[in-house]
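A.B. asks: Mind having a look at this structure? Questions to follow.
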Amino acid sequence: TKRTHKGTQLFTSRGLSTPWEVAKVSRAFSADINHYHEPEISGGAMEHLAISKAQNFVTFHAHNEPDWRYNLLMPLRYPYSKLLTGRIVVSPAAHEFASHYFPGEYRIIPNGLNTEDFRGNIEPIPEFADEKLNILFVGRLEERKGFVYLLDAYARVKRGNNDIRLIVVGDGPQRQAYEDKLKKDGIGDVHFAGRVTDQELPRYYKSADIFTSPATHGESFGIVLLEAMAAEVPVICANNPGYSSLVDDGEDALIVDPKNQIQYANQLNILVNQEDLRKSMKQKGLKKALAHDWEQVGPQILKYYIEGINKRKKLVPKELRQYS
């Protein structure tokens, strides 16, 4: 597929691609700089990198458990590393993972987001605009996202406060099991919204009083945390490496061990009952989100392009020189 945005062409490989298809794309758009995201999981990206004559940069996002597929790719790390001008990781957690399989120099540059998408005059979802306090979860309904621990903690808080509601945005293979658990345990006021569009998502954040993500592992960053912070929603999140390196515990977020049901429920209960704390966390969270706006993150990437190109003693494109 091909999309054009502000003069930049983005080619996305979906499914299998043949070498001649990749070569055709490369000829059609002769770039000064190619930037690949997780190329090791895309055959098309690896093929494109192998024939690229541009300055090549790569961003690693993953933070997973040891994976045999990465072990298979390790023999390629030396020939492919020679093709790279620079390597970016989005967090210390991503750096730990990437450097294990692909040793070398990295620059940590966080993910960015368009904070304006989650701010301003956004209409909340009407059915949630009542006297109940809304707790929001956004994520895929699979084991590593820890949703089952949220259900247990929510049930504990719900028993002492009937004026709360849990809103669930996302779908996944375990949704039916979670709905069955709700019926079995008699947990009320849980609304499954399913998948929502990018345009609808900010309205759910706008409807929330608290955001929580209990993902237990496999998180290298935490873009959903920043989305909530941009929408001025206080955050409770799990103590996985990606989240812990992004937030400041007790300041712009509360960090919990989601498997510790009592601790998780207690922290939820604190935010439910302390409006002043929610207001304080909103302000600090917004500041954190604004620091990750693309207006702040984008120039860091552009400056890194210049540093990498200069190291190779190549000519920096004139469009980038203002960032040096």
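The values are calculated or read from the model by the stated rules, or taken from the named source; none is laboratory data. The structure displayed is predicted, hence computed values, not measured ones. Counting neighbours? That spans all protein chains shown, and the Cβs are built from the backbone with ideal geometry, glycine included. Accessible surface is based on the protein model in full, side chains and every heavy atom, while ligands, DNA and RNA are left aside. Shrake-Rupley method; radii C 1.70, N 1.55, O 1.52, S 1.80 Å.
A.B. asks: Taking the conditions exactly as written (farther than 20 Å from LEU141 by Cα and either open to solvent by less than 30 Å² (accessible area, probe 1.4 Å) or among the hydroxyl-bearing types (Ser, Thr, Tyr) (or both)), does PRO234 satisfy them or not?
C.D. replies: Yes; evaluated as a whole, the condition is true for this residue.
A.B. asks: If only one of GLY218, GLY222 is at positive phi and surrounded by fewer than 21 Cβ atoms within 10 Å (Cβ to Cβ), which one is it? Full working, then the answer.
C.D. replies: On the way: GLY222 fails: surrounded by fewer than 21 Cβ atoms within 10 Å (Cβ to Cβ).
After ruling out the rest, the residue left standing is GLY218.
A.B. asks: Can I ask one more? Given the structure, is VAL224 β-branched (Val, Ile, Thr) and within 14 Å of the chain's Cα centre (by Cα)? Can you show your working first?
C.D. replies: Working: β-branched (Val, Ile, Thr): yes; within 14 Å of the chain's Cα centre (by Cα): yes.
The answer is yes for VAL224.
A.B. asks: Return the residue satisfying two criteria in turn: it lies in the stretch 49-80 and is at pLDDT 80 or above and assigned to a helix (DSSP H, G or I), and of such residues it is most open to solvent (accessible area, probe 1.4 Å). Write out each step before concluding.
C.D. replies: Residues of the stretch 49-80 that are at pLDDT 80 or above, as a first pass: 49-61.
Now drop any that are not assigned to a helix (DSSP H, G or I), which leaves 49-51.
Working: LEU49: 6, ALA50: 55, ILE51: 74 Å².
My answer is ILE51.
A.B. asks: Using beta carbons and a limit of 8 Å, which pairs, at least six apart or on different chains, have the first residue in the stretch 276-295 and open to solvent by 80 Å² or more (accessible area, probe 1.4 Å) and the second one among the aliphatic types (A, V, I, L, M)?
C.D. replies: If the second residue must be among the aliphatic types (A, V, I, L, M), the pairs left are TRP294/LEU113.
A.B. asks: For ILE255, all conditions in the list (1) within 13 Å of the chain's Cα centre (by Cα); (2) within 23 Å of VAL148 (Cβ to Cβ); (3) of a type in the set (A, V, I, L, M, F, W, C) hold save one; what is the number of the exception?
C.D. replies: Tallying (1) within 13 Å of the chain's Cα centre (by Cα); (2) within 23 Å of VAL148 (Cβ to Cβ); (3) of a type in the set (A, V, I, L, M, F, W, C), ILE255 fails exactly one: (1).
A.B. asks: Determine whether the stretch 124-147 contains at least one residue that is of a type in the set (Phe, Trp, Tyr), in contact (Cβ under 8 Å) with a residue 40 or more places away in the chain and within 20 Å of ASP257 (Cβ to Cβ). Quick ask: steps written out before the conclusion?
C.D. replies: Of the stretch 124-147, the ones of a type in the set (Phe, Trp, Tyr) are 128, 137, 147.
Adding the requirement that they be in contact (Cβ under 8 Å) with a residue 40 or more places away in the chain leaves 128, 137, 147.
So of that shortlist, the ones also within 20 Å of ASP257 (Cβ to Cβ) come out as 137, 147.
The answer is yes; a qualifying residue exists.
A.B. asks: Here's a follow-up. Kindly provide the set of residues from the stretch 27-46 that are farther than 22 Å from HIS61 by Cα and either modelled with pLDDT under 70 or among the basic types (Lys, Arg) (or both), ordered by number.
C.D. replies: ARG27
A.B. asks: Looking only at the stretch 306-324, filter to residues that are open to solvent by 30 Å² or more (accessible area, probe 1.4 Å) and assigned to a helix (DSSP H, G or I); which one of those is farthest from GLU251 (Cα to Cα)?
C.D. replies: The first filter runs over the stretch 306-324 and keeps only residues open to solvent by 30 Å² or more (accessible area, probe 1.4 Å), leaving 307, 310-315, 318-319, 321-324.
Still in the list and also assigned to a helix (DSSP H, G or I): 307, 310-311, 318-319, 321-323.
Working: GLU307: 34, ASN310: 40, LYS311: 40, LYS318: 42, GLU319: 39, ARG321: 38, GLN322: 36, TYR323: 32 Å.
Applying the filter and picking the extreme gives LYS318.
A.B. asks: Same structure, new question: Going by what's in this entry, would ILE135 be described as more than 30 Å from ASN56 (Cβ to Cβ) and surrounded by fewer than 22 Cβ atoms within 10 Å (Cβ to Cβ)? Steps first, please.
C.D. replies: On the way: more than 30 Å from ASN56 (Cβ to Cβ): yes; surrounded by fewer than 22 Cβ atoms within 10 Å (Cβ to Cβ): no.
So ILE135 fails the test.
A.B. asks: Confirm whether ASN121 is free of Cβ contacts under 8 Å to residues at least 12 places away in the same chain, open to solvent by 60 Å² or more (accessible area, probe 1.4 Å) and closer than 19 Å to LEU201 by Cα.
C.D. replies: Values: free of Cβ contacts under 8 Å to residues at least 12 places away in the same chain: yes; open to solvent by 60 Å² or more (accessible area, probe 1.4 Å): yes; closer than 19 Å to LEU201 by Cα: yes.
Yes.
To keep it simple, each residue is scored yes or no on (1) out of contact with any Cys (no Cβ under 7 Å at 6 or more places or on another chain); (2) of a type in the set (A, V, I, L, M, F, W, C); (3) within 29 Å of GLU232 (Cα to Cα); (4) open to solvent by less than 30 Å² (accessible area, probe 1.4 Å).
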residue: PRO92; (1), (2), (3), (4): yes, no, yes, no
residue: SER99; (1), (2), (3), (4): yes, no, no, no
residue: PRO126; (1), (2), (3), (4): yes, no, yes, no
residue: LEU141; (1), (2), (3), (4): yes, yes, yes, yes
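A.B. asks: Out of (1) of a type in the set (D, E, K, R); (2) under 29 Å from ALA155 (Cβ atoms); (3) in contact (Cβ under 8 Å) with a residue 60 or more places away in the chain, the odd one out for GLU307 is which?
C.D. replies: (2)
A.B. asks: Given (1) within 30 Å of LEU83 (Cα to Cα); (2) in contact with a Cys (Cβ under 8 Å, 6 or more places away or on another chain), where does VAL256 come up short, assuming only one miss?
C.D. replies: Of (1) within 30 Å of LEU83 (Cα to Cα); (2) in contact with a Cys (Cβ under 8 Å, 6 or more places away or on another chain), only one is false for VAL256: (1).
A.B. asks: Go through the residues of the stretch 199-211 one by one and say whether even a single one is surrounded by 15 or more Cβ atoms within 10 Å (Cβ to Cβ), without any contact (Cβ under 8 Å) to a residue 40 or more places away in the chain and out of contact with any strand residue (DSSP E or B) (no Cβ under 6 Å at 6 or more places or on another chain).
C.D. replies: Kept after step one, since they are surrounded by 15 or more Cβ atoms within 10 Å (Cβ to Cβ), are these residues of the stretch 199-211: 201-211.
Add one more test, that the residue is without any contact (Cβ under 8 Å) to a residue 40 or more places away in the chain, and what stays is none.
No, because not a single residue in the stretch 199-211 is surrounded by 15 or more Cβ atoms within 10 Å (Cβ to Cβ), without any contact (Cβ under 8 Å) to a residue 40 or more places away in the chain and out of contact with any strand residue (DSSP E or B) (no Cβ under 6 Å at 6 or more places or on another chain).
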